[in-house]
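Shown below is the structure under consideration.
The values are calculated or read from the model by the stated rules, or taken from the named source; none is laboratory data. Every value quoted in this text rests on a predicted model; they were computed, and no experiment measured them. Here the Cβ positions follow ideal geometry from the backbone for every residue, glycine too, while neighbour counts run over all protein chains shown.
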Amino acid sequence: MDPLKKIKPQVRALSAYHLKPYDCAIKLNQNENPYDLPAEIKEEVLSFARTRPWCRYPAFVPDDLTATFAEHYGWVQEGVLVGNGSNELILATLMVTLGPGARVLIPVPTFTLYKLESTVLGAEVSTVNLNPDYTFDLDALRLAIREQMADVVVICSPNNPTGCILENDDLEALLKETDALVAVDEAYHEFCDRPSCVALLDRYPNLIVLRTFSKAMAMAGLRVGCLLAHPDLAGEIGKAKLPYNLNFFSHAAAMVAIKHRAVLQERIDHLKGQREVVSRGLRETRGVRPYPSHANFILFEVEDPKRVFEGLAARGILIRDVSHYPMLSKALRVTIGTDEENEKFLEALQEVISRIQT
Ligand code: PMP
């Protein structure tokens, strides 16, 4: 008997989404916010959690949170879904749209989960390469959308791991030309200086926007995500969510974090300033080519990414080796950390590179 024969062949052929554990003091590998939520925010959530019965399920429909998200993101409450991280809502979107015979179109390189989940669901995945400078290739994307009759297009903007964005005018050009559902993952939006594509939702009923509390909002450990779409579409996608997907603790924390968003905004602004510091440091390092980023990470190329990655890890600094991604054979990605972490990263990088060069 071979129980694995019952697993879909396309799943057997996949490698799992996996992060190898490294014991490093400085963690710049997961695009988290290095500044934890302030103690007052934690205390407010904890004091609520102490009095709330833990033996009871969370809200079936978290109305107060969908109302708060609607106001926070600028969309109608009926078109808001909350998720156990935005990944759950990406999966729900793909589950209600994709299966054998359906087609998803994804600009690459990008966040690997879209392709992974689409493949698990049995859909056909087509990819469109970014330009050689890792910006979106709008013409190629338009052509692919027209020719390939995609059912769903997934666009990550700002894009992980390249940091490029798709401007709203360009997104609109795509939306006008297709009846595919276009899902835009704005996980890193707070770090970019452009308007969110939420502004396009009322004109394009095929647009879906995903946001998360894991990055700028400093709540990666609590798993809170949000989907915004036309209410009819949100209603259909909501059918694939698990009941009680958001636990009461994370629900309360998201409400409190939004109440105190001014404090978080200061930190976001600081991280954006530090992105410029790191970018400059990378530009000034011989043998390093950084790319512009609209997110809280920077993609950079070096001659020997594996040696640079290992050299940094040996010095207690963990970044992300993305050299196995399509187009990125020379690339590494570093998350913007605290001022001190960024300084240590740049110092260590210079040391590692000069050792390799001599
Ligand atoms: N989207 C993108 C583009 C990401 O990079 C990540 C985190 N790696 C996520 C979504 C994950 O979001 P969440 O924690 O909300 O599930």
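Please go through the stretch 143-160 and give me each residue that is in contact with a Leu (Cβ under 8 Å, 6 or more places away or on another chain) and buried (at least 17 other Cβ atoms within 10 Å of the Cβ), ordered by number.
Correct list: 144, 145, 150, 151, 152, 153, 154, 155, 157, 159.
Continuing with this model, one more query. Looking for something touching a residue at least 12 places away in the same chain (Cβ under 8 Å) and within 25 Å of residue 338 (Cβ to Cβ) - is there at least one such residue anywhere in the stretch 240-251?
yes
Exactly one condition in (1) crowded, with 20+ Cβ neighbours inside 10 Å; (2) at pLDDT below 95 is false for residue 326; which is it?
(1)
Tell me, please, whether a residue that is within 30 Å of residue 100 (Cα to Cα), more than 16 Å from the ligand (Cβ to nearest atom) and of a type in the set (A, V, I, L, M) can be found in the stretch 20-40.
no
Taking residue 131 as the residue in question, decide whether it is outside the structural domain of residue 330 (by TED's automatic domain parsing), out of contact with any Pro (no Cβ under 7 Å at 6 or more places or on another chain) and within 16 Å of the ligand (Cβ to nearest atom).
no
Need at least 1 residues that are within 16 Å of the chain's Cα centre (by Cα) per element, so show me which helices (runs of 4 or more DSSP H) inside the stretch 103-177 make the cut, counting only ones lying wholly within it.
Once the helices (runs of 4 or more DSSP H) in the stretch 103-177 are filtered for at least 1 residues that are within 16 Å of the chain's Cα centre (by Cα), what remains is 113-120.
Confirm whether residue 282 is assigned by TED's automatic domain parsing to the domain that holds residue 186, touching a strand residue (DSSP E or B) at 6+ places or on another chain (Cβ under 6 Å), surrounded by 14 or more Cβ atoms within 10 Å (Cβ to Cβ) and among the aliphatic types (A, V, I, L, M).
The answer is no for residue 282.
I'm trying to understand the selection: among the residues of the stretch 69-96, which are buried (at least 22 other Cβ atoms within 10 Å of the Cβ), more than 9 Å from the ligand (Cβ to nearest atom) and polar (S, T, N, Q)?
Selection gives 93 alone.
With the stretch 194-301 as the region, which helices (runs of 4 or more DSSP H) entirely inside it contain at least 2 residues that are closer than 30 Å to residue 328 by Cβ?
261-283
Among the residues of the stretch 169-183, are any of a type outside the set (D, E, K, R) and within 14 Å of the ligand (Cβ to nearest atom)?
Step one: list which residues in the stretch 169-183 are of a type outside the set (D, E, K, R), which gives 171, 173-175, 178, 180-183.
Pick out the ones that are also within 14 Å of the ligand (Cβ to nearest atom) and you get 183.
Scanning the stretch 169-183, I find at least one residue that is of a type outside the set (D, E, K, R) and within 14 Å of the ligand (Cβ to nearest atom), so the answer is yes.
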